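So the structure is just underneath, and the comments pick up after that.
The values are calculated or read from the model by the stated rules, or taken from the named source; none is laboratory data. The shown structure was predicted, so the numbers you read here are calculated from the model rather than taken from an experiment. Methodologically, a virtual Cβ is constructed for each residue, glycine included, from the backbone with ideal geometry; neighbour enumeration extends over all protein chains shown.
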Amino acid sequence: MPFNNLYNFSTALTELRLRLGNRPVGGDATDAQASVTRYSQWLDLAQARIAGCLIECPDIEVVGFPMTTVEGQSEYGLLEILPPATNIVGIKGVRNNGAADTSDSSDLFKMRRFPWTEYRSLSQQAPGPPMRWARWGYTLAFDPMPNNVYNLLIDYRRLPYQGTTEIPVIFQEDWLHLAESFGWQALMKTDRSQMAMSRISANLQMMLNQELDQQQWESNFDTDQTIAPWGFDSLYTVG
């Protein structure tokens, strides 16, 4: 967690309670812990929603996550590899770091993303160094089928940890507005919920209203299948 946070999770929780009138929301007015839990859930949900937007969030970016292939195996469960790659919002890129039995760094190259439907349509795969990747949920697949043990590096965005502030300072006020909106909505105060939502910055508000699924999110970092500005690819290509 960065040291220059405007709100840590505890102070954000206090601020959210004040904005919602410091009212008990746990169902039982005498159960203070139930209220704290519910306020915390709104903060966690709001932070997760923002993490799914196309904004810079350095604290939840995983760079160079290591993965090793198995000879003759094309599909891998991201929850089953060691260490597991959990809570993925989207993969930004995959790099092949070369065969494990060689130290030649020139083997490092950016792998191309291709559609899962295309992978499923393959009747057979040629063996060789994996050059393309496709994902469906927590299953990652490669083509060609690895003919050796290869070291891969994966860059991806994960979901924020619950009970921790992990989004940048410049978005933390918007984070509270969104959590407040969720709270008022749960309390059946639609007008107040909409008012809180309207205080979110326009660009972020637009992204929140257009939730991206896995494929849509990842396609924004895919210069192989999309039209992107000149020079964009250099951000994700190893020189």
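Annotations
- Selection over the range 64-88 of residues that are modelled with pLDDT of 95 or more and within 18 Å of residue 217 (Cα to Cα) gives a count of 0.
- Restricting attention to the range 22-40 and to residues that are surrounded by 11 or more Cβ atoms within 10 Å (Cβ to Cβ) and of a type in the set (Gly, Ala, Ser), the residue that is modelled with the highest pLDDT turns out to be 40.
- In this entry, residue 217 passes the filter for residues that are at pLDDT below 95, buried (at least 18 other Cβ atoms within 10 Å of the Cβ) and part of a helix (DSSP H, G or I).
- Here the range 123-180 is the region considered, the condition is being among the aromatic types (Phe, Trp, Tyr) and more than 25 Å from residue 195 (Cα to Cα), and the residue that is nearest to the chain's Cα centre (by Cα) is 156.
- Subset tally (residues that are over 20 Å from residue 79 (Cα atoms) and free of Cβ contacts under 8 Å to residues at least 60 places away in the same chain) for the range 137-176: 2
- Of all residues in the range 177-188 being among the aliphatic types (A, V, I, L, M) and assigned to a helix (DSSP H, G or I), the one that is farthest from residue 47 (Cα to Cα): 186
- Residue that is in a helix (DSSP H, G or I) and modelled with pLDDT under 95, where the choices are 224, 233, 174, 191: 233
- Residues of the range 11-32 include at least one that is assigned by TED's automatic domain parsing to the domain that holds residue 197, within 30 Å of residue 173 (Cβ to Cβ) and in contact with an Asp or Glu (Cβ under 6 Å, 6 or more places away or on another chain).
- A Cβ distance below 9 Å, combined with a sequence gap of six or more or placement on separate chains, defines the contacts here; from the range 177-195, residues that are touching a residue at least 24 places away in the same chain (Cβ under 8 Å) reach residues that are β-branched (Val, Ile, Thr) and part of a helix (DSSP H, G or I) in the pairs 178/50; 184/190.
This table checks each residue for (1) assigned to a loop (DSSP other than H, G, I, E, B); (2) in contact with a strand residue (DSSP E or B) (Cβ under 7 Å, 6 or more places away or on another chain); (3) surrounded by 13 or more Cβ atoms within 10 Å (Cβ to Cβ); (4) in contact (Cβ under 8 Å) with a residue 40 or more places away in the chain.
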| site | (1), (2), (3), (4) |
| --- | --- |
| 42 | no, no, yes, yes |
| 48 | no, no, yes, yes |
| 86 | yes, no, no, yes |
| 93 | no, yes, yes, yes |
| 117 | no, no, no, no |
| 130 | yes, yes, yes, yes |
| 135 | no, yes, yes, yes |
